[in-house]
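What follows is a short report on a single structure.
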Amino acid sequence: MITIAGAGLAGLAAAHELARRGAEVTLYERSAHIGDKSASRYAGGMLAPWCEGESAEEEVITLGSRALDWWAQITPVVRRGTLVLAPARDRAELTRFARRTRAHVAVDETQIAALEPELAGRFRAGLHFTEEGHLDPRRAIRDLAARVQEMGVTLHCGTPAPSRVTLDCTGMAAPLPGLRPVRGEMAILHAPGVEISRTLRLLHPRSPIYLVPRADHHFMLGATMVESSASGPPTLRALSELMNAAYTLHPGLAEAAVVEIGAGLRPAFADNLPDLIWQDGTLYLNGLYRHGFLLAPAMAARAADILIPETSDADHRERRSA
């Protein structure tokens with residue numbers, strides 16, 4: 001019997017990988033409903049490993065490149081790529097982004113209009129990361145919870161975990177040294193007059209944003225990264241910067257209804273990479289930072305390799321131990 005504390009993204013992904021190997025798994029979640037308190041509730045749902053190479057370590061790209069196929073077996077994944085853009089005055093930002101990333105093609109004004117007709121005439125150049133995609137994180141969490149239960153995992157919601165569990169996936173609640181919160185703020189917009197079919201990233205030296213399409217002309221607009229443990233609603237300054245940048249991206253967003261705003265605390269270690277840590281007889285999977293949907297599948301597989309070895313590959317062992 002394997003017990004897991006925390007039925008957020010990491011805990012559910014780990015339960016899936018363990019159940020796939022035939023383990024008997026029981027999962028405990030404090031919240032009454034899946035996704036209520038999870039940091040993933042405020043995620044963009046971007047499966048964009050090559051874009052992340054602009055600021056992340058190579059390991060993020062390597063592990064994250066497996067995520068699209070993994071999630072596509074569980075929940076709908078839109079595979080239309082990521083379009084990275086910059087206003088003409090910030091063309092240097094686009095050049096820098098291209099230099100630090102790979103797996104993209106340069107697109108001009110005509111090609112941008114062919115990809116997203118409503119952006120015609122707005123941007124002269126961009127980068128299209130053709131192999132990337134996105135998903136709806138809230139639906140994905142629900143679909144993953146349903147899948148693990150179909151696989152025989154016992155899920156207890158509204159139930160604190162026992163004092164000793166096999167695997168701890170409780171994010172910022174975990175008693176791990178060096179774990180810090182990184183605050184992210186977002187808004188969900190409803191813009192019936194806007195037609196965007198893929199993730200857009202707008203580069204700006206001060207306030208870059210991304211816009212992720214969701215169902216029925218809803219869009220997720222994000223996101224800030226603030227070294228803060230404050231868990232309250234987004235600040236006026238953060239929202240103002242997001243909204244102003246969104247208007248630059250597509251003027252039609254000026255008339256969008258703001259359906260929801262929110263802020264989440266994402267657990268991170270000093271190197272911003274996830275980790276598997278043994279402490280007091282429990283294995284901790286933590287530190288997914290802002291790469292949760294991208295890295296959870298691979299990190300869950302690594303945790304399963306430790307708890308139910310499928311291979312002896314040294315790459316499937318934890319990078320540090322407490």
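The values are calculated or read from the model by the stated rules, or taken from the named source; none is laboratory data. Predicted model only: the values in this text are computed from it and were never measured. In this analysis, Cβ positions are derived from the backbone assuming ideal geometry, glycine residues included, and neighbour counts consider all displayed protein chains. These area figures cover heavy atoms from the full protein model, side chains too; ligands, DNA and RNA do not enter into them. Shrake-Rupley method; radii C 1.70, N 1.55, O 1.52, S 1.80 Å.
Condition check for Ala14 on (1) open to solvent by 10 Å² or more (accessible area, probe 1.4 Å); (2) farther than 30 Å from Val107 by Cα: one failure, at (1). Could you list all residues from region 78-111 that are open to solvent by 30 Å² or more (accessible area, probe 1.4 Å), touching a Phe, Trp or Tyr at 6+ places or on another chain (Cβ under 9 Å) and part of a loop (DSSP other than H, G, I, E, B)? Across region 78-111, the qualifying residues are Arg102, Ala103, His104. Here Asp271 fulfils each of the conditions (1) assigned to a loop (DSSP other than H, G, I, E, B); (2) in contact with a Pro (Cβ under 8 Å, 6 or more places away or on another chain) apart from (2).
Within region 212-232, the residues that satisfy the criterion of being part of a loop (DSSP other than H, G, I, E, B) and either crowded, with 21+ Cβ neighbours inside 10 Å or out of contact with any Leu (no Cβ under 9 Å at 6 or more places or on another chain) (or both) are Ala223, Thr224, Met225, Glu227, Gly232. Total residues in region 189-198 satisfying the condition of being in contact with a Gly (Cβ under 8 Å, 6 or more places away or on another chain) and either open to solvent by 50 Å² or more (accessible area, probe 1.4 Å) or not small (Gly, Ala, Ser) (or both): the figure is 3.
Based on this model, can you work out whether Arg201 counts as closer than 23 Å to Ala268 by Cβ, surrounded by 20 or more Cβ atoms within 10 Å (Cβ to Cβ) and charged (D, E, K, R)? Yes. When Ala14, Ala92 are checked against the criterion of being in contact with a helix residue (DSSP H, G or I) (Cβ under 9 Å, 6 or more places away or on another chain) and either at pLDDT 95 or above or more than 27 Å from Leu283 (Cβ to Cβ) (or both), a single residue qualifies: Ala14.
Could you tell me whether Ala257 is modelled with pLDDT of 95 or more and either of a type in the set (A, V, I, L, M, F, W, C) or more than 23 Å from Arg180 (Cβ to Cβ) (or both)? Here the answer is yes, as Ala257 does meet what is asked. I'm checking my understanding of the structure. Among residues of region 188-207 that are in contact with an Asp or Glu (Cβ under 8 Å, 6 or more places away or on another chain) and closer than 21 Å to Tyr289 by Cβ, which one is modelled with the lowest pLDDT? Looking at the filtered set, the residue picked out is Ser207. Among the residues of region 35-77, the one identified as buried (at least 22 other Cβ atoms within 10 Å of the Cβ), among the aromatic types (Phe, Trp, Tyr) and either closer than 14 Å to Ala13 by Cβ or touching a Ser or Thr at 6+ places or on another chain (Cβ under 9 Å) (or both) is Trp71. Here Leu203 passes the criteria (1) of a type outside the set (Gly, Ala, Ser); (2) farther than 24 Å from Val107 by Cβ; (3) within 20 Å of the chain's Cα centre (by Cα) except the one numbered (2).
Criterion applied to Gly126, Gly152 was being open to solvent by 20 Å² or more (accessible area, probe 1.4 Å) and either touching a residue at least 40 places away in the same chain (Cβ under 8 Å) or in a loop (DSSP other than H, G, I, E, B) (or both), and the one residue passing it is Gly152.
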